[in-house]
């Protein structure tokens, strides 16, 4: 049975294909073997005129991007991956060994004026389009975002899942600037900044990263979301090495995944079921991490049930969900009620409350959350999925689904960031899983 129902599912599937097409752009890539190729930018409204790695991979999970175009994007990303040396930047920033760019400026993206102002090249930090040695002042991290290597592993895994075994091995052995695809993924994973014992990602004021759809935040201590993405990637890397008949590395990655599974649950899960964002600063419940921990099979038994119940309770009491869009943390967990959401912004009174990641409502994790809630209350999961789909239908000509909304703040418009690819591809993935 299609989730949430046949009519709603068919609509959101059609609309996903439409949105993904609006995000498709033809570009030229200097020094790349193929010059005129296609990539996918975050949204269909040109708000982000660059090739963002995480957004493109999330769109690939829709099933509407051709295999050859996914393969080309993997090649472009790894072509611009940093090598084995540290690269120093201005303002005491650096590019760590084997880091993946946050986004890449390419000829064909943005206006002619934008291209003149920001030449083609990899940008390793959020908050800037500069591919030069000045890529920000540290407001978005001291090191590049931690999550992008895991998204690239996800992309390789998607390609492998669509390939015959012999073709998969050939793909993983493709050499890019003298280093094979599988080696680049392995080096990137192994170079990540994690605690050696627990395997968890860590931020300190002297060495921290902004990541994923939390990149405007500054969490400290052990970090849940990137640790969860590392768990997912470790299992995928084990599968890639199994295909390569490298049993020793396969086993290493399986052990990494098991260690992360144990430590993520022990470190982040509260007694009420929620997983917190971080352990030292931004210790509030995190919708993304809680939903993903259920969705990716990290939590089991009573731990799984309590997480699902926590998501259901906050959605049903109105503290988490509006029109099928979700807050990063429930309203009751605000650091300063009605003024500041996150602990790292506790002095930022009123100026941005309810805006973007400081209290906006986001649709990307609705697939994770619907799937989790459906395990204990499918009827309610169906309800919030339909709310999201009906909101999309109502505002599709205005650009739905949006990057984020807040009906209490965005009085003049229904949302921000129009025809946003990840806002429809990730929900569809969850709805498909619930339909199987």
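The values are calculated or read from the model by the stated rules, or taken from the named source; none is laboratory data. On a predicted model such as this, the values are computed, not experimentally measured, just so you know. Heads up, the Cβs are rebuilt from the backbone with ideal geometry, glycines too, and the neighbour counts pull from every protein chain shown.
Give me the strands (runs of 3 or more DSSP E) completely within the range 4-116, filtered to those with at least 2 residues that are without any contact (Cβ under 8 Å) to a residue 60 or more places away in the chain and in contact with a helix residue (DSSP H, G or I) (Cβ under 6 Å, 6 or more places away or on another chain), ordered by residue number.
Correct list: 36-40.
Among all positions in the range 280-302, there is at least one residue which is surrounded by fewer than 17 Cβ atoms within 10 Å (Cβ to Cβ), more than 21 Å from the chain's Cα centre (by Cα) and not in a loop (DSSP other than H, G, I, E, B).
Would it be correct to say that residue 270 is over 23 Å from residue 298 (Cα atoms) and touching a strand residue (DSSP E or B) at 6+ places or on another chain (Cβ under 9 Å)? Here the answer is no, as residue 270 does not meet what is asked. Being crowded, with 21+ Cβ neighbours inside 10 Å and either farther than 28 Å from residue 228 by Cβ or touching a strand residue (DSSP E or B) at 6+ places or on another chain (Cβ under 9 Å) (or both) is a condition met by at least one residue of the range 110-123. With the condition kept exactly as written, say whether any residue in the range 216-239 is farther than 30 Å from residue 167 by Cβ and without any contact (Cβ under 8 Å) to a residue 60 or more places away in the chain. Within the range 216-239, one or more residues are farther than 30 Å from residue 167 by Cβ and without any contact (Cβ under 8 Å) to a residue 60 or more places away in the chain. Is at least one residue of the range 152-174 crowded, with 19+ Cβ neighbours inside 10 Å and outside any helix (DSSP H, G or I)? Within the range 152-174, not a single residue is crowded, with 19+ Cβ neighbours inside 10 Å and outside any helix (DSSP H, G or I).
Got at least one residue in the range 345-366 being assigned to a helix (DSSP H, G or I), buried (at least 20 other Cβ atoms within 10 Å of the Cβ) and modelled with pLDDT under 95? Among the residues of the range 345-366, at least one is assigned to a helix (DSSP H, G or I), buried (at least 20 other Cβ atoms within 10 Å of the Cβ) and modelled with pLDDT under 95, which makes the answer yes.
Output yes when any residue across the range 205-221 is in a strand (DSSP E or B) and touching a helix residue (DSSP H, G or I) at 6+ places or on another chain (Cβ under 6 Å), and no when none is. No: the range 205-221 contains no residue that is in a strand (DSSP E or B) and touching a helix residue (DSSP H, G or I) at 6+ places or on another chain (Cβ under 6 Å). Of the residues examined, residue 192 is not one that is modelled with pLDDT under 95, in contact with a strand residue (DSSP E or B) (Cβ under 9 Å, 6 or more places away or on another chain) and buried (at least 20 other Cβ atoms within 10 Å of the Cβ). Name the one entry in 433, 418 that is within 19 Å of the chain's Cα centre (by Cα) and surrounded by fewer than 17 Cβ atoms within 10 Å (Cβ to Cβ). Residue meeting the stated conditions: 433. If you check 326, 311 for being in a helix (DSSP H, G or I), in contact (Cβ under 8 Å) with a residue 24 or more places away in the chain, buried (at least 19 other Cβ atoms within 10 Å of the Cβ) and in contact with a helix residue (DSSP H, G or I) (Cβ under 7 Å, 6 or more places away or on another chain), only one passes: 311. Within the range 388-415, restricting attention to residues that are out of contact with any strand residue (DSSP E or B) (no Cβ under 8 Å at 6 or more places or on another chain) and not in a loop (DSSP other than H, G, I, E, B), the residue that is surrounded by the most Cβ atoms within 10 Å (Cβ to Cβ) is 389.
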